[in-house]
1. Looking at Glu68, Glu48, which one is charged (D, E, K, R) and touching a residue at least 12 places away in the same chain (Cβ under 8 Å)?
2. So, Phe26, is that one open to solvent by less than 70 Å² (accessible area, probe 1.4 Å) and aromatic (Phe, Trp, Tyr) or not?
3. Does Leu14 satisfy the criteria of being closer than 27 Å to Met63 by Cα, open to solvent by 100 Å² or more (accessible area, probe 1.4 Å) and not β-branched (Val, Ile, Thr)?
4. Which of the numbered conditions does Lys52 fail, given that it passes all the others? Conditions: (1) within 20 Å of Ala84 (Cα to Cα); (2) under 13 Å from the mean Cα position of the chain (by Cα).
5. Just the residues that are of a type in the set (Asp, Glu) and in contact with a Gly (Cβ under 9 Å, 6 or more places away or on another chain), please, taken from segment 34-75.
6. Give segment 40-96 a look and list any residue that's outside any strand (DSSP E or B), more than 18 Å from Gly4 (Cα to Cα), open to solvent by less than 90 Å² (accessible area, probe 1.4 Å) and among the aliphatic types (A, V, I, L, M), or say none.
Amino acid sequence: MIEGIAPFSSPVLLTDDGSAWVPDAFAAGHYRLLPICKGIEMGWAPVEQISKAIIVFAGGTPMSPTGEIVATALSRDGLSRLIADLQSIDRQWSAM
């Protein structure tokens, strides 16, 4: 039994140009071609108007940024779930 977030049940298909076909999170059986960033930077700010924190994930590293950016608004509970999911991935990966 997997505790926490499970790995994709479908394969990730790497391309020669550094992209990958990854399973679509919202459409079962579909894939999306996405760039694979080598590294990630993040930042955050509390936003009292919505009682959440804005968390920004930027692809790449300071010496090699890629331009891909995702921003999300998370509640304190959402942040705790994200942390638990990342810890779950770490435990599963360590067990492989």
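1. Residue meeting the stated conditions: Glu68.
2. Working: open to solvent by less than 70 Å² (accessible area, probe 1.4 Å): no; aromatic (Phe, Trp, Tyr): yes.
No, not satisfied.
3. Details: closer than 27 Å to Met63 by Cα: yes; open to solvent by 100 Å² or more (accessible area, probe 1.4 Å): yes; not β-branched (Val, Ile, Thr): yes.
Against the criterion (closer than 27 Å to Met63 by Cα, open to solvent by 100 Å² or more (accessible area, probe 1.4 Å) and not β-branched (Val, Ile, Thr)), Leu14 qualifies.
4. Going through the list (1) within 20 Å of Ala84 (Cα to Cα); (2) under 13 Å from the mean Cα position of the chain (by Cα), Lys52 breaks only (2).
5. Within segment 34-75, the subset of a type in the set (Asp, Glu) is 41, 48, 68.
Of everything in segment 34-75, those that are of a type in the set (Asp, Glu) and in contact with a Gly (Cβ under 9 Å, 6 or more places away or on another chain) turn out to be Glu41, Glu68.
6. Hit for segment 40-96 is Ile50, nothing else.
The values are calculated or read from the model by the stated rules, or taken from the named source; none is laboratory data. No experiment lies behind these values; they were computed from the predicted model shown. Neighbour counts are summed over all protein chains in view; Cβ atoms, including those assigned to glycine, are modelled from backbone coordinates with ideal geometry. Only protein heavy atoms, including side chains, enter the accessible area calculation; ligands, DNA and RNA are left aside. Shrake-Rupley method; radii C 1.70, N 1.55, O 1.52, S 1.80 Å.
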